[in-house]
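Q: One structure follows; several queries about it will come next.
Nothing in this text is a laboratory measurement; each read-out follows from the coordinates by a stated rule. Here the structure is a predicted model, which means the values were calculated and not measured. Reconstructed Cβ throughout: ideal geometry from the backbone, glycine too, with neighbour counts over all protein chains shown.
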Amino acid sequence: MNRETWRRVRKMPWQEAEKAIHSVYDPIVRERVMYAHKNDFASFFTALHDRYPDMSRDEMLSIAQDVVEYANGLRLETPEELADRLVDEIGVDIRKRVEDHEFNYIPCGE
């Protein structure tokens, strides 16, 4: 917000000021969040394809659909529950740094 707009907002009742601030910043926040989701999704599937180039398109699409269902809560698990499930089932904690794992990182293509 520029100075003039900020001066007007400061003179408003707090409910109106809050609405004005949200009207300016909410679209920016939504845009950034959507960009982050698209970046994460595209990065994950690019890495998956790089690791498993022979994976069929049906398998890739099926995994993508599963990811969307998990992300949208259609499988009724929170991100923490999903992370806990990974630890329980395969021993990988995505909350840890790679260096802190007892497993070895295998670079792509080796």
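Q: With θ set to phi - 60°, apply the Karplus curve 6.51 cos²θ - 1.76 cosθ + 1.60 along region 26-31 and write out the HN-Hα couplings as whole Hz, x wherever there is a Gly or Pro.
A: For region 26-31, the Karplus-derived couplings read 4, x, 5, 4, 4, 4 Hz, x marking Gly and Pro.
Q: Under a straight-distance cross-link criterion of Cα-Cα below 24 Å, which lysines are reachable from residue 38, leaving out those fewer than 8 residues away in the same chain?
A: Here the lysines satisfying the reach criterion relative to residue 38 are 96.
Q: Then there is this: Any chance you could check the Cα centroid distance between region 68-110 and region 1-61 for me, in angstrom?
A: 23
Q: What are the lysines whose alpha-carbon lies under 27 Å from the alpha-carbon of residue 11, with same-chain residues fewer than 8 places away excluded?
A: Leaving aside lysines fewer than 8 places away in the same chain, those within reach of residue 11 are 19.
Q: Counting only chymotrypsin sites (Phe, Trp or Tyr not before Pro) that sit in a DSSP loop (anything but H, G, I, E, B) with at most 15 other Cβ atoms within 10 Å, what is the longest stretch of the chain containing none of them?
A: 1-102
Q: Relative to 2.2 N^0.38 Å, what does the C-alpha radius of gyration of the chain come to as a ratio? Two decimals please.
A: Against the compact-globule rule of thumb, the ratio is 1.61.
Q: Normalising by the residue count of the chain, find the relative contact order in percent from Cα pairs under 8 Å and 6+ residues apart. Display every interim value, and only then the final one.
A: On the way: 25 pairs, mean separation 17.2, N = 110.
About 16 percent, as a whole number.
Q: Return the loop-located GluC sites (Glu not before Pro) in region 1-77 (DSSP other than H, G, I, E, B) with at most 16 other Cβ atoms within 10 Å of their own Cβ; answer none if there are none.
A: Answer by residue number: 77.
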